[in-house]
Amino acid sequence: MIAARRIFSVLVLLLVSTSWSLFAEPKTNRKADGKSSSSVSNDSYRGLSGEELWSNNCMRCHNIRPPTMYSDAQWDVIVHHMRLRANIAGQEQRAIVAFLKSAK
């Protein structure tokens, strides 16, 4: 019975996260003037902004925290730690941290 509840909970979470991605309003890609494609910008990994990467990756396991909840140094440590646990690419990590620091 407990295993069935866990499976049901996981399925509901998957459904909600998939629905969120499908029905969320698409973001337009905004390229910064004069920046090379190798620098971290709003158009980062796979065309997703740091904000989109943050909500897509972190919402899988956590309630989203507001960017003002932690200092820039704390976000550096937190996102690095979660990069290792969530198997996030380095470019994604840099884009997420850049978003969190700029959203204050």
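The values are calculated or read from the model by the stated rules, or taken from the named source; none is laboratory data. Note that the structure is predicted; figures quoted are calculated from it, not measured. Cβ atoms come from the backbone with ideal geometry, glycine included; neighbour counts cover every protein chain shown. Quick note on the areas: whole protein, heavy atoms, side chains included, nothing else; ligands and nucleic acids left out. Shrake-Rupley method; radii C 1.70, N 1.55, O 1.52, S 1.80 Å.
Place +1 on the Cβ of every Lys and Arg and -1 on the Cβ of every Asp and Glu in segment 41-104, take the dipole about the Cα centre, and give the residue among 99, 82, 67 whose Cα lies farthest towards its positive end.
The listed residue farthest towards the positive side: 82.
Which cross-chain or sequence-distant (5 or more) residues have an amide H under 5 Å from the amide H of residue 49, H modelled 1.01 Å from N in plane?
The answer is 44.
Which whole-Hz ³J(HN,Hα) couplings does segment 79-91 yield from phi under the Karplus relation 6.51 cos²θ - 1.76 cosθ + 1.60, θ = phi - 60°, glycine and proline marked x?
Taking θ as phi minus 60°, the curve returns 5, 4, 4, 6, 4, 5, 6, 9, 6, 8, 5, x, 5 Hz for segment 79-91.
Counting only protein chains, not ligands or nucleic acids, how are 100, 84 ordered by accessible area (probe 1.4 Å), most first?
Largest to smallest exposure gives the sequence 84, 100.
Suppose the chain between residue 9 and residue 87 were pulled fully straight at 0.36 nm per residue; how much longer would it get relative to their current alpha carbon spacing?
Extending this stretch completely gives an extra 25.8 nm.
Contour minus end-to-end for residue 74 and residue 103, with contour as 0.36 nm per residue of separation and end-to-end as the Cα-Cα distance?
So the extension gain works out to 9.0 nm.
Could you sort 60, 65 by accessible area so the largest value comes first, with the probe set to 1.4 Å? Could the numbers behind the result be given before it?
Details: 60 135, 65 100 Å².
Accessible-area ranking of 60, 65, largest first: 60, 65.
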